[in-house]
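Inspection log for the structure reproduced underneath, given as C-alpha cells.
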C-alpha cells in the first residue's frame, strides 16, 4: 500500500478570514486537510506523511485525533522553512519515502476516482505522474490567474508553471511519484528554484514527467474565499 505525502505547511493568508490555519479551515464542517485524507482513504491508502509548518502543532494535534478515530497511520515532519516555496516541504520527506508514493496538497478537493484510476495505471522507476485537467476553457472551478499551467505533448510534460506562455492543461496538485523526485528537486534548488514545479521541470527535461488526464472528474484548489464558496456549490456541501 502506497504512502501519501500531504503538504500542510503554508500560511494561506487569502483564506485567513475563515481561520488562522488554512489546512484546518472547515468546509462543510470538516477541516480541509481531513477532507483530503478522507478522499485518499477512499482510494485505498491509509498511511500518511504530513508536512507541517505554520501552526504546525495545532495541525498535528487535530490530525492525531483523526488518526485514532479513523485507524490510519500519520507521520508528521515539520518544515522550519515553511515560508519558502512548496518544493522545500516535499523534499522534507526524502528520507522517509523509498517506494512510489502519492502526493497531494492539503487544500485541494478532488474526486477519489482520480487517485484510483491514476494508481491503476501505475508508474515505473524514476518517473513522476501528474493528474492534469485538459479543460482549460471556461472551467468554472479554476482561478486562471493563480493555477499552475502545464504544456503536455503525448502525455509528457514539456513545461509547467504559473506564467508559462503556452499551455494546454492545468496542474491539479495530485501526483504519483517515485523517489527520483527528490533528486530532481535538489537540482532545481541548486538553480535557485525551490518550487515543486521546478523539480517537475527537471524531470521533464529527462523525459521522466508524465500526465494523467482526469477527464470529467472535479477538483478545486481552495486558495481564497471565492474558491471556498465554489467548493461548497460544486461538491454539494453545506457550510456548518
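Assessment of the stretch 61-70 against the conditions (under 13 Å from the mean Cα position of the chain (by Cα) and crowded, with 20+ Cβ neighbours inside 10 Å) yields no matching residue. Checked against (1) part of a helix (DSSP H, G or I); (2) more than 26 Å from residue 193 (Cβ to Cβ); (3) in contact with a strand residue (DSSP E or B) (Cβ under 9 Å, 6 or more places away or on another chain), residue 36 meets all criteria but (2). With respect to (1) surrounded by fewer than 21 Cβ atoms within 10 Å (Cβ to Cβ); (2) in contact with a strand residue (DSSP E or B) (Cβ under 7 Å, 6 or more places away or on another chain); (3) under 21 Å from residue 85 (Cβ atoms); (4) touching a residue at least 40 places away in the same chain (Cβ under 8 Å), the lone exception for residue 182 is condition (2). Restricted to the stretch 231-240, and to residues there that are surrounded by fewer than 18 Cβ atoms within 10 Å (Cβ to Cβ) and modelled with pLDDT of 85 or more, the residue that is nearest to residue 34 (Cα to Cα) is 232.
Among the residues of the stretch 57-97, the one identified as closer than 16 Å to residue 40 by Cα, out of contact with any helix residue (DSSP H, G or I) (no Cβ under 7 Å at 6 or more places or on another chain) and part of a loop (DSSP other than H, G, I, E, B) is 71. The residue pairs whose first member lies in the stretch 65-89 and is touching a residue at least 40 places away in the same chain (Cβ under 8 Å), whose second member is surrounded by fewer than 16 Cβ atoms within 10 Å (Cβ to Cβ) and part of a loop (DSSP other than H, G, I, E, B), and whose beta carbons are closer than 9 Å, counting only pairs six or more residues apart or on different chains, are 82/11; 83/11; 88/81; 89/81. For residue 135, the stated conditions do not hold, so it cannot be described as closer than 22 Å to residue 176 by Cα and in contact with a strand residue (DSSP E or B) (Cβ under 6 Å, 6 or more places away or on another chain). In this structure, residue 194 qualifies as out of contact with any strand residue (DSSP E or B) (no Cβ under 8 Å at 6 or more places or on another chain), in a loop (DSSP other than H, G, I, E, B) and on the phi < 0 side of the Ramachandran plot. The single residue among 172, 148, 211, 124 that is without any contact (Cβ under 8 Å) to a residue 60 or more places away in the chain, in contact with a strand residue (DSSP E or B) (Cβ under 7 Å, 6 or more places away or on another chain) and closer than 26 Å to residue 3 by Cα turns out to be 148.
Within the stretch 145-173, the set of residues being in a loop (DSSP other than H, G, I, E, B), over 14 Å from the mean Cα position of the chain (by Cα) and modelled with pLDDT of 95 or more comprises 154, 155, 162, 163, 164, 165, 166, 167, 168.
Among the residues of the stretch 214-235, those that are out of contact with any strand residue (DSSP E or B) (no Cβ under 8 Å at 6 or more places or on another chain) and either under 18 Å from residue 162 (Cα atoms) or part of a helix (DSSP H, G or I) (or both) comprise 223, 224, 225, 226, 229, 233. Do the conditions hold for residue 50, that is, is it assigned to a helix (DSSP H, G or I), crowded, with 21+ Cβ neighbours inside 10 Å and modelled with pLDDT of 90 or more? Spelling it out, it is not the case that residue 50 is assigned to a helix (DSSP H, G or I), crowded, with 21+ Cβ neighbours inside 10 Å and modelled with pLDDT of 90 or more. If you go through the stretch 98-105 one residue at a time, do you hit one that is assigned to a loop (DSSP other than H, G, I, E, B) and crowded, with 19+ Cβ neighbours inside 10 Å? Yes, some residue in the stretch 98-105 is assigned to a loop (DSSP other than H, G, I, E, B) and crowded, with 19+ Cβ neighbours inside 10 Å. The listed residues are 114, 157, 77, 174, and the only one of them that is over 21 Å from residue 214 (Cα atoms) and surrounded by 14 or more Cβ atoms within 10 Å (Cβ to Cβ) turns out to be 77.
The values are calculated or read from the model by the stated rules, or taken from the named source; none is laboratory data. This structure is a prediction, so every number in the text was calculated from the model and none was measured. Neighbour counts are summed over all protein chains in view; Cβ atoms, including those assigned to glycine, are modelled from backbone coordinates with ideal geometry.
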